[in-house]
Amino acid sequence: AIRCDSNYSDAYVSLGALLAAPNETVSLHDGRVLNKRQLFVGAIRCDIKNCDAYLSLGNSLAAGETLRLDDGRELDKRQLLIEAIRCDGNCSTAYCSLGAVLDAGETVQL
């Protein structure tokens with residue numbers, strides 16, 4: 001799918017989901033070698049409103065870990081999950097993932 005349309009965001013998310021480990025890589029038809037997180041970032045580059053890309057990227061980070069997106073924002077797990085919810089307020093998986101990283105009694109503003 002990426003070969004047919006290099007801007008097809010969901011293809012990057014799907015390919016990233018197939019990789020088992022964060023450091024596992026895949027070679028694309030254009031010579032790029034990308035790991036799981038780079039594929040999710042690529043999906044966001046193609047479609048800044050791709051809920052699944054933010055969700056998958058957030059779930060790939062450990063607590064306290066951050067990642068810089070192409071637009072310069074440096075986000076942690078919690079911020080990526082909030083961004084997923086902002087993209088799709090009906091994404092129950094994003095709410096569950098966010099709830100799992102919050103401390104007891106902690107709230108967030110969406």
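The values are calculated or read from the model by the stated rules, or taken from the named source; none is laboratory data. All of these numbers come straight from a predicted model, not from anything done at the bench. Cβ atoms come from the backbone with ideal geometry, glycine included; neighbour counts cover every protein chain shown. In case anyone asks, the SASA skips ligands and DNA or RNA and just uses the protein heavy atoms, side chains included. Shrake-Rupley method; radii C 1.70, N 1.55, O 1.52, S 1.80 Å.
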Check: Take the residues of segment 53-110 that are out of contact with any Leu (no Cβ under 7 Å at 6 or more places or on another chain) and among the hydroxyl-bearing types (Ser, Thr, Tyr): which is surrounded by the most Cβ atoms within 10 Å (Cβ to Cβ)?
Finding: 56
Notebook entry, point to check: Does segment 1-47 hold any residues that are open to solvent by 80 Å² or more (accessible area, probe 1.4 Å) and touching a Cys at 6+ places or on another chain (Cβ under 8 Å), and which are they?
Noted result: 7, 8
Check: Limited to segment 12-32, what total is found for residues that are touching a residue at least 24 places away in the same chain (Cβ under 8 Å) and either outside any loop (DSSP other than H, G, I, E, B) or under 14 Å from the mean Cα position of the chain (by Cα) (or both)?
Finding: 6
Next item on the list: Please find, among 71, 76, the residue that is of a type outside the set (A, V, I, L, M, F, W, C) and in contact with a strand residue (DSSP E or B) (Cβ under 9 Å, 6 or more places away or on another chain).
Entry: 76
